[in-house]
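This report refers to the structure that appears directly beneath it.
The values are calculated or read from the model by the stated rules, or taken from the named source; none is laboratory data. A quick note: this is a predicted structure, and the numbers were derived from the prediction, not measured. Here the Cβ positions follow ideal geometry from the backbone for every residue, glycine too, while neighbour counts run over all protein chains shown.
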Amino acid sequence: MKLFDVYPLFDIEPVKAQGSWLWDDKGNKYLDLYGGHAVISIGHSHTHYVRKITEQLNKIGFYSNSVQIPLQTELADKLGAICGHPDYALFLCNSGAEANENAMKLASFHNGKKKIISFKNGFHGRTSLAVAVTDNPSIVAPVNETENSIILPWNDETALEEAFNSNEICAVIIEGMQGVGGVFVASDSFLKKVRLLCDKHNAIYIADAVQCGYGRSGKFFAHDFAGVDADIYTMAKGMGNGFPVAGIIISPKFKAKHSMLGTTFGGNHLACAAAIAVLDVIKAENLLQNAEQLGEYLKNALRVIPGVKQVRGRGLMIGLELETPCAEIRDILLKEYKIFTGSSSNKYTIRLLPALNINKGELDLFIEAFTKVMSKTLVKIVN
Ligand SMILES: Cc1ncc(COP(=O)(O)O)c(C=O)c1O
């Protein structure tokens, strides 16, 4: 049987990884500025993470959500403490799309309404409602199309106010920083307006923190910069450092009912062990602070490199917009300098999503390589 060919692949086979480094089957060593798409939060194969998952697997790996799983409570307690919402409740699932799907479903159960506001350039996943509120018609199948999705311009407070005039709005779903779209930050005043209008119109503010959450921005959720709380936060990528685990945290205003939400695999023993290990390391190694400080260092260094048009983002989620399309630059970085970077839907923007415990020396290696590639490319363009 062949694989269903939906992914454009690099001709690279990683066989080993440690911290911010990967090794391929030919012995080449790569620096990872992409974090496997914002997933690697605490570095590849962190010893605490490997030990926690291995120990758990030797005890029990899985049983269904019909029994007591104290690891779920431990995870909820640790997550509530570190994210600053100990009064919220946790529902565990398996992927970012599933987290968003459950968040929107819960919002609609809660207020009985149907229309969801999302934003241009946004990405929320590929399942039915998640993809319907994603601004990319090429991945929306006819069966996913729904008149319940309203996609508004980004950071446009007037358009948001006008959309609320209908009074049918169930929820607003918004990334704190658009990831796939090319790292565009939601302004603090826009998120405050989302909060205000949701309160006024009995609608739910859903913070999609799948990519920009889990400390990547330097705060636990990128939405925290605005100083207002969301009703539901969705999270996935960095949560398990590669182990598939996702979740939503839910404000006390929602009442749970048996069978209202559910999943077979969500919250299994191994997933919880992975997620707990990630939180332990984030706390022990002070990774929010590292993300904030090294993010500033990296952005400042990149801004002065000729050919760079704009550097966006917070913490270690950085959009590096060039004056020319970035595909060739990324290709040279990978082939000649053995550095992984990310793309985005904006062809001029490189996305940088390294592990939150990357160090300054590793960033310097990237800055040096990128400077060289840019200067060679500029010389080529001038000639
Ligand atoms: C902001 C955001 N939301 C949701 C998703 C979907 O997550 P998943 O691919 O785990 O379903 C993504 C994935 O890139 C994302 O970036």
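Okay, here's what the table says:
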read-out: Matching option when the condition is small (Gly, Ala, Ser), crowded, with 22+ Cβ neighbours inside 10 Å, under 23 Å from the mean Cα position of the chain (by Cα) and closer than 23 Å to residue 39 by Cα, among 81, 76, 99, 107; value: 99
read-out: Selection from region 114-146 of residues that are within 14 Å of the ligand (Cβ to nearest atom), of a type in the set (Val, Ile, Thr) and in a helix (DSSP H, G or I); value: 131, 139
read-out: Scope region 131-182; condition hydrophobic (A, V, I, L, M, F, W, C) and closer than 23 Å to residue 326 by Cβ; matching residues; value: 139, 154, 177, 180
read-out: Any hit, region 185-193, residues being among the acidic types (Asp, Glu), touching a Phe, Trp or Tyr at 6+ places or on another chain (Cβ under 9 Å) and more than 16 Å from the ligand (Cβ to nearest atom); value: yes
read-out: Region 1-34 - residue that is touching a residue at least 12 places away in the same chain (Cβ under 8 Å) and part of a loop (DSSP other than H, G, I, E, B) and, of those, farthest from residue 183 (Cα to Cα); value: 25
read-out: Any pair with Cβ under 9 angstrom, 6 or more apart, that starts in region 160-180 at a residue that is assigned by TED's automatic domain parsing to the domain that holds residue 235 and ends at one that is within 14 Å of the ligand (Cβ to nearest atom) and among the basic types (Lys, Arg); value: 177/216; 179/237; 179/351; 180/351
read-out: Subset of region 35-67 that is in a loop (DSSP other than H, G, I, E, B) and of a type in the set (Phe, Trp, Tyr) - its residue that is farthest from the ligand (Cβ to nearest atom); value: 63
read-out: Hey, residue 209 surrounded by fewer than 24 Cβ atoms within 10 Å (Cβ to Cβ) and without any contact (Cβ under 8 Å) to a residue 60 or more places away in the chain or not; value: no
read-out: The one condition in (1) within 16 Å of the ligand (Cβ to nearest atom); (2) surrounded by fewer than 17 Cβ atoms within 10 Å (Cβ to Cβ) that residue 293 fails to fulfil; value: (1)
read-out: Count - residues of region 200-218 that are away from the ligand (no atom under 16 Å from the Cβ), among the aliphatic types (A, V, I, L, M) and in a loop (DSSP other than H, G, I, E, B); value: 1
read-out: Region 336-352: number of residues that are out of contact with any Leu (no Cβ under 7 Å at 6 or more places or on another chain) and under 20 Å from residue 40 (Cβ atoms); value: 4
read-out: Enumeration of residues in region 289-344 that are under 19 Å from residue 8 (Cβ atoms) and not aliphatic (A, V, I, L, M); value: 325, 326, 328, 330, 331, 335, 340, 341, 342, 343, 344
read-out: Selection within region 83-104 - in contact (Cβ under 8 Å) with a residue 24 or more places away in the chain and more than 16 Å from residue 246 (Cα to Cα); value: 84, 85, 87
read-out: Count - residues of region 59-118 that are of a type in the set (Ser, Thr, Tyr) and in contact with a Lys or Arg (Cβ under 7 Å, 6 or more places away or on another chain); value: 1
read-out: Test set (1) surrounded by fewer than 19 Cβ atoms within 10 Å (Cβ to Cβ); (2) under 26 Å from residue 316 (Cβ atoms); (3) of a type in the set (Ser, Thr, Tyr) - residue 41 fails condition number; value: (1)
read-out: Residue that is in a helix (DSSP H, G or I) and buried (at least 19 other Cβ atoms within 10 Å of the Cβ), where the choices are 367, 282; value: 282
read-out: Residue that is more than 15 Å from the ligand (Cβ to nearest atom), of a type in the set (A, V, I, L, M) and either within 19 Å of the chain's Cα centre (by Cα) or at pLDDT below 95 (or both), where the choices are 261, 197, 270, 279; value: 279
read-out: Output for region 147-181, where each listed residue is under 23 Å from the mean Cα position of the chain (by Cα), part of a loop (DSSP other than H, G, I, E, B) and not aromatic (Phe, Trp, Tyr); value: 153, 155, 156, 176, 179, 180, 181
read-out: Qualifying positions in region 147-184 - of a type in the set (Asp, Glu) and within 16 Å of the ligand (Cβ to nearest atom); value: 175
read-out: Meets criteria (out of contact with any strand residue (DSSP E or B) (no Cβ under 9 Å at 6 or more places or on another chain), modelled with pLDDT of 95 or more and within 16 Å of the ligand (Cβ to nearest atom)) for residue 82; value: no
